[in-house]
Amino acid sequence: MRMKGVTFVAIYLADIKDCKKKGTSLRTYTLYVPEGMHWTGGAHMRVALYEGLSPELAQKIKKADKEIRCALLAGITEADFDPAFTRTFSISTRECDNAIVFSTRIAAEPSLFKKTLGEYQVGDGIFILTSATHLHVPPKGPIVALTMGVGLSSLHAFIRDLLEAGGDGPILSLNVAEPLEELTELEVHDERVRYMYKNNRYSFEQAVKKLMEDRVLVEQGRFIVIGGHRFMKEWIAFLEDNGVAQDRIFLDRPDEQRAIYIK
């Protein structure tokens, strides 16, 4: 059922259907699904903004009708975009949801990309350069997911895929972040799934240590780690030091990158 390491290389242009703003920084964007785009639960996508193209090409695409726009998109590649206007986001929905949803934080002093994205409105278009998934987890047996912040968003769709593939759980999602509405509204409501939110590193660490006291879970469970580079390095090392076998640790990274995180 899962498509391990699948990457789609066609460039799509997706219009913004909705943008929710919560608190001072968190935003959740909903995009219309471009015709022909496919992905699986847990996928991420590399997106780009119009500002990353030459002004001439950007204007051509904006003004073109559907047929000409498709031809223009077929003639460009990721290399045509300024990297400063590209970014990777997790997709928190599945194809059957008929929408592409992703969340991000736009701080008071954002990067050039996020400052520009923050000015986009409903109806504006965002380019999707690639989409891929590298998570490949057998559905049977207990699963623990360790995530940080909006890294949780990709797990919502992934968990739904696991359950439909015959997963019997239990599945525990342990996230270090405030329990923000955008992170909880897509939770999978199933007796096999439980979510825990910790609002600081210390309480998160204590929760993980408590899990390590369950030796059956340590020996038989599968552990998914999703987050930034430092988060992944720290908690993968912690799992290994506490007896979790390497083949029971799963990352949303290409296989060739496992050596960066796994000892």
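The values are calculated or read from the model by the stated rules, or taken from the named source; none is laboratory data. No experiment lies behind these values; they were computed from the predicted model shown. Every residue, glycine as well, gets a Cβ built from its backbone with ideal geometry; the counts of neighbours run over all protein chains shown. Keep in mind that these areas ignore ligands, DNA and RNA; they rest on the heavy atoms of the full protein, side chains included. Shrake-Rupley method; radii C 1.70, N 1.55, O 1.52, S 1.80 Å.
Under the rule of -39500 (n - 2.57) per DSSP H run of 4 or more residues, summed and divided by the residues of the chain, what mean residue ellipticity at 222 nm is obtained, to the nearest 500 deg cm²/dmol?
-8000 deg cm²/dmol
Determine the equivalent ellipsoid of segment 115-159 by diagonalising the alpha-carbon gyration tensor, then write out the semi-axes as square roots of 5 times the eigenvalues, largest first, rounded to whole Å.
31, 14, 9
Largest first, how would 60, 198 line up by accessible area (1.4 Å probe)?
Largest accessible area first, the list is 60, 198.
For labels at residue 214 and residue 37 in the simple 7 Å Cα→Cβ model, what's the distance in nm?
It works out to 3.6 nm between the two label points.
Taking the solvent-accessible surface of protein heavy atoms with a 1.4 Å probe, what is the per residue accessible area of the chain in Å²?
49 Å²
Given the options 169, 34, 243, identify the residue whose Cα lies farthest towards the positive end of the charge dipole of the chain (+1 on Cβ of Lys, Arg; -1 on Cβ of Asp, Glu).
Result: 243, furthest along the dipole toward the positive end.
What is the chain's relative contact order, in percent, from Cα pairs under 8 angstrom and six or more apart in sequence?
RCO, the chain: 22 percent.
What are the ³J(HN,Hα) couplings of segment 40-57, residue after residue, when phi is run through the Karplus curve with 6.51, -1.76, 1.60 and θ = phi - 60°? Round to Hz, x for glycine and proline.
10, x, x, 6, 10, 9, 9, 10, 9, 9, 3, 5, x, 9, 5, x, 5, 5
Running Debye on segment 199-241 with equal point scatterers at the Cα sites and no solvent, what base-10 log of I(q)/I(0) appears at q = 0.24, 0.26 Å⁻¹?
-0.95, -1.08
In terms of modelled amide H atoms, which long-range or inter-chain residues lie less than 5 Å from the amide H of residue 26?
106
Please express the Cα-Cα pair-distance distribution P(r) of segment 113-260 as a list of whole percents, one per 10 Å bin, running from 0 to the bin with the greatest distance.
The calculated distribution, bin by bin, is 10, 38, 36, 12, 4, 0.
Share of segment 59-170's accessible area from carbon and sulfur, percent, 1.4 Å?
54 percent
With N set to the number of residues, divide the alpha-carbon radius of gyration of the chain by 2.2 N^0.38 Å and report two decimals.
1.05
Looking at segment 30-117, what % of the alpha carbon pairs are farther apart than 18 Å?
Looking at segment 30-117, the distances longer than 18 Å represent 54 percent of pairs.
Could you tell me the distance between the Cα centroids of segment 129-198 and segment 17-45, to the nearest Å?
Segment 129-198 and segment 17-45 have Cα centres spaced 17 Å from each other.
Taking the Cα-to-Cβ direction at residue 59 and at residue 71 and moving 7 Å from each Cα, how far apart do the two end points lie in nm?
2.0 nm
Express the relative contact order of segment 26-169 as a whole percentage, based on alpha carbon pairs under 8 Å and six or more residues apart in sequence.
With pairs under 8 Å counted, the relative contact order is 39 percent.
Quick one: Kirkwood hydrodynamic radius for segment 1-148, alpha-carbon pairs, angstrom, one decimal?
That comes to 16.4 Å for segment 1-148.
List, in order, the whole-Hz ³J(HN,Hα) value for each residue of segment 213-221 obtained from phi through the Karplus relation with A = 6.51, B = -1.76, C = 1.60 and θ = phi - 60°; use x for Gly and Pro.
Whole-Hz 3J(HN,Hα) from phi for segment 213-221: 6, 8, 5, 5, 5, 4, 8, 10, x.
Mind scanning 233/263; 66/115; 20/115 and naming the pairs with a C-alpha gap bigger than 21 Å?
Flagged as over cut-off: 66/115.
Among the GluC sites (Glu not before Pro) within segment 74-137, which fall in a DSSP loop and have no more than 13 other Cβ atoms within 10 Å of their own Cβ?
Here the GluC sites (Glu not before Pro) that fit, given the DSSP loop and packing criteria, are 119.
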